[in-house]
Amino acid sequence: MAIPTFNVGGLLSGLDTNSIVSQLMQLERQPVIQLQRRQSDYETKNRTWDQIATKLNAVQDKLDALKTAENWHKFTAVTSSNEDAVTVTTSGSSSVGSATFSVDRLAATHQTASTGTFASMTDLVGPGDLTVTIDGTDHTITTDGATTVADVITQVKALDVGVSATLLFTGTDTAKLVLKADESGADAAFTTATSIASFGSFSIVEQGVDAQLTVGSGAGALTIERPTNVIDDFVEGATITLKSTTTSNVDISVGRDPDAAAEAVKELVDSINGALSTIATATKAGTEDTAGGPLSTDATARNLALNLRGSLSSAVSATEGAYRTASSVGISLTREGTYTLDETKLKEALADDFDGVVDLFERATAVTDSRIGVANVGSTVADGSYDVEITQAASIAEVIGPDFSDSNQPDTFTIEQDGVIASVTIPKKSDIDEAIDFINQGLADAGITTLAATQIGNTIRLGDSRYGSAHSFTVSANDYGLEGTFQGNDVAGTIGGLAATGSGRSLTGSDTLSSMVLTIGASSADVAAAGGTLSLGTVSVSAGIAATFDDYLETLTETGGVVDRARDRWDAQIELLKDRIEQFEDRLESREVALRRQYSA
């Protein structure tokens with residue numbers, strides 16, 4: 001507190017009142033100092049829990065790479081016997097395979113160049129037409145006496161037909177107009193014709209062709225053609241880049257990479273040990289000579305360490321086989337309370353049965369009916385088998401007209417979907433194929449892409465491509481019996497005996513199964529044939545050790561979890577101390593004023 005402006009300070013009395021009051025206030029402040037020390041101690045505890053939370057989040061990040069089979073299948077290695085000609089990268093697919101082929105031809109991009117030359121972009125080209133022909137269709141730009149080379153380049157781009165123009169200098173002051181396809185391959189090739197005198201004519205600089213591979217030899221050899229030199233649909237899970245042709249075969253392979261998988265497991269073990277080390281330092285007991293850790297008396301922290309050690313080492317996969325525990329793949333707990341990894345044992349297990357090791361870690365699902373697809377199973381779903389019954393199959397919005405007959409008069413009607421209206425006109429005496437073409441053209445012109453007309457026998461079917469009640473359309477009166485409003489249905493049924501929610505073909509469980517989402521492929525005919533309730537067998541869920549460990553980590557790191565509650569407890573204590581310190585400071589201020597009055601008197 002500041003000393004009052006008017007203060008004799010002992011000048012008259014002979015007493016050093018300032019010193020006396022200061023010493024008395026120091027004694028009075030001792031309770032505040034004790035509270036401040038406790039506040040600092042609690043803040044240290046809170047920061048320590050922040051450090052523990054950071055370590056646990058790091059564990060969860062490493063665990064995410066091992067929870068699902070999809071992540072495990074990213075541990076792939078690719079090889080090429082001739083990397084100068086063919087390189088291979090992996091897309092992380094579950095497939096493992098190989099291929100042997102020769103590269104006969106690289107894909108090329110079609111280019112044509114003018115025989116006439118120019119000095120700069122501002123040169124005038126003169127009047128005439130420049131025509132680019134693609135798939136038999138002409139695309140023309142027209143120039144006049146004021147058109148420059150730069151204008152022509154802009155107009156070619158504005159055609160938006162997959163061809164661009166550039167002025168390329170073949171000499172210091174000599175340049176030619178070059179037209180180039182935006183894409184490589186034979187389908188992107190074009191022809192160029194012009195009546196513009198300054199262009200002369202256009203010659204082919206490079207012919208657009210597809211890349212060509214040959215698999216095998218002789219009469220049974222396979223010829224593979226692609227429009228690009230980057231091919232991702234030849235060997236599943238691999239992207240092949242062609243760099244040059246070859247005179248002999250190239251061998252490529254996509255296989256499991258046990259080293260990468262083992263490294264991911266090692267990173268998980270290291271991160272767990274990092275968390276255990278942080279907790280051990282925080283909970284270390286004090287001695288006569290050394291202070292204990294900030295959480296040495298915190299039972300929650302000590303129990304956390306015990307549970308963290310036990311959750312991974314004691315977890316057992318629900319799958320059968322040689323690899324059902326962490327120790328079976330080289331993960332074990334030492335006497336010091338940390339984990340160790342026998343990398344040799346792990347790699348041997350991966351080489352022996354890669355999928356078996358994957359099953360040990362991942363949350364696995366199995367269905368007894370192929371009409372069930374598992375879209376998602378969250379950690380809240382307990383291990384077990386769950387019955388699936390369907391009372392209504394998902395359907396699309398559709399209408400099928402009566403037997404088709406030629407109309408003597410043209411018919412115009414509308415189709416509305418999501419507020420978009422398509423106008424359809426079918427000329428008189430149109431046959432069924434023509435009528436369908438006119439309907440689809442009207443839909444396309446309006447930008448409606450999910451509706452299409454098709455032929456079933458001698459009838460016209462108009463249907464949506466999407467399932468569920470969220471999708472509908474309306475057709476006005478017409479001569480083809482298609483009028484009305486039509487809407488799809490959502491799948492309906494139960495999972496595990498509990499009512500489930502349908503959206504299109506997706507069926508989502510409720511209560512403890514709310515994170516289970518299934519895709520149901522059964523049809524309305526299937527449900528009808530079963531008498532209105534169709535049993536699709538069961539969905540089985542088995543949590544691997546990674547999934548089980550992940551469930552435990554979530555109880556620690558989730559909002560309102562163990563760590564949150566521990567920090568909230570110390571936060572509450574800190575706030576309580578702040579209030580008490582503030583109250584003491586107010587009383588001390590009043591006490592100092594009283595003492596100064598007393599000594600001044």
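No other residue among 591, 567 is farther than 27 Å from residue 366 by Cβ, surrounded by 14 or more Cβ atoms within 10 Å (Cβ to Cβ), touching a helix residue (DSSP H, G or I) at 6+ places or on another chain (Cβ under 8 Å) and modelled with pLDDT under 80 apart from 591. Residues in the stretch 182-214 that are of a type in the set (S, T, N, Q) and either more than 14 Å from residue 131 (Cα to Cα) or in contact with a Phe, Trp or Tyr (Cβ under 7 Å, 6 or more places away or on another chain) (or both): 184, 192, 194, 198, 207, 212, 214. The helices (runs of 4 or more DSSP H) found entirely in the stretch 275-366 that carry 1 or more residues being open to solvent by less than 40 Å² (accessible area, probe 1.4 Å) and among the polar types (S, T, N, Q) are 299-313.
Yes or no, residue by residue, for (1) of a type outside the set (Ser, Thr, Tyr); (2) part of a loop (DSSP other than H, G, I, E, B); (3) over 33 Å from the mean Cα position of the chain (by Cα):
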{"residue": "31", "(1), (2), (3)": "yes, no, yes"}
{"residue": "58", "(1), (2), (3)": "yes, no, no"}
{"residue": "78", "(1), (2), (3)": "yes, no, no"}
{"residue": "87", "(1), (2), (3)": "no, no, no"}
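Scan the stretch 367-374 and tell me whether some residue there is open to solvent by less than 40 Å² (accessible area, probe 1.4 Å), part of a strand (DSSP E or B), under 27 Å from residue 536 (Cβ atoms) and not β-branched (Val, Ile, Thr). Yes, that holds for at least one residue. When residue 539 is tested against the conditions (1) under 30 Å from residue 328 (Cβ atoms); (2) open to solvent by less than 40 Å² (accessible area, probe 1.4 Å); (3) assigned to a helix (DSSP H, G or I), the lone failure is (3). Quick one: would you say residue 113 is open to solvent by less than 40 Å² (accessible area, probe 1.4 Å), farther than 23 Å from residue 207 by Cβ and part of a strand (DSSP E or B)? So residue 113 does not fit the description; no. If you take the residues of the stretch 511-520 that are of a type in the set (Ser, Thr, Tyr) and within 25 Å of the chain's Cα centre (by Cα), which of them is modelled with the highest pLDDT? Top of the filtered list is 519. Across the stretch 140-169, the qualifying residues are those that are in a loop (DSSP other than H, G, I, E, B) and among the β-branched types (Val, Ile, Thr), and the one among them that is surrounded by the fewest Cβ atoms within 10 Å (Cβ to Cβ) is 161.
Table: residues versus (1) in a strand (DSSP E or B); (2) open to solvent by 80 Å² or more (accessible area, probe 1.4 Å); (3) among the polar types (S, T, N, Q).
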{"site": "171", "(1), (2), (3)": "no, no, no"}
{"site": "183", "(1), (2), (3)": "no, yes, no"}
{"site": "193", "(1), (2), (3)": "yes, no, no"}
{"site": "205", "(1), (2), (3)": "yes, yes, no"}
{"site": "214", "(1), (2), (3)": "yes, no, yes"}
{"site": "234", "(1), (2), (3)": "no, no, no"}
{"site": "248", "(1), (2), (3)": "no, no, yes"}
{"site": "262", "(1), (2), (3)": "no, no, no"}
{"site": "265", "(1), (2), (3)": "no, no, no"}
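When 482, 451, 498 are checked against the criterion of being at pLDDT 90 or above, over 34 Å from the mean Cα position of the chain (by Cα), of a type outside the set (Val, Ile, Thr) and under 30 Å from residue 390 (Cβ atoms), a single residue qualifies: 482.
If you scan the stretch 502-521, which residues turn out to be hydroxyl-bearing (Ser, Thr, Tyr), within 15 Å of residue 378 (Cβ to Cβ) and either open to solvent by less than 30 Å² (accessible area, probe 1.4 Å) or outside any helix (DSSP H, G or I) (or both)? Reasoning before the result, please.
The first filter runs over the stretch 502-521 and keeps only residues hydroxyl-bearing (Ser, Thr, Tyr), leaving 503, 506, 508, 510, 512, 514-515, 519.
This time we only want the ones that are within 15 Å of residue 378 (Cβ to Cβ), so: 506, 508, 510, 512, 514-515.
Scanning the stretch 502-521 gives 506, 508, 510, 514, 515.
Within the stretch 485-500, can one find any residue that is closer than 30 Å to residue 441 by Cβ, in contact with a Phe, Trp or Tyr (Cβ under 7 Å, 6 or more places away or on another chain) and open to solvent by 40 Å² or more (accessible area, probe 1.4 Å)? Among the residues of the stretch 485-500, not one is closer than 30 Å to residue 441 by Cβ, in contact with a Phe, Trp or Tyr (Cβ under 7 Å, 6 or more places away or on another chain) and open to solvent by 40 Å² or more (accessible area, probe 1.4 Å), which makes the answer no. Residues in the stretch 200-217 that are more than 15 Å from residue 104 (Cα to Cα) and out of contact with any helix residue (DSSP H, G or I) (no Cβ under 9 Å at 6 or more places or on another chain): 200, 201, 202, 203, 204, 205, 206. Being small (Gly, Ala, Ser) and closer than 28 Å to residue 466 by Cβ is a property that holds for residue 395.
The values are calculated or read from the model by the stated rules, or taken from the named source; none is laboratory data. A quick note: this is a predicted structure, and the numbers were derived from the prediction, not measured. As a convention, Cβ positions derive from the backbone with ideal geometry for all residues, glycine included, and neighbour counts pool all protein chains shown. What goes into the accessible areas is simple: the full protein's heavy atoms, side chains included, and nothing from ligands, DNA or RNA. Shrake-Rupley method; radii C 1.70, N 1.55, O 1.52, S 1.80 Å.
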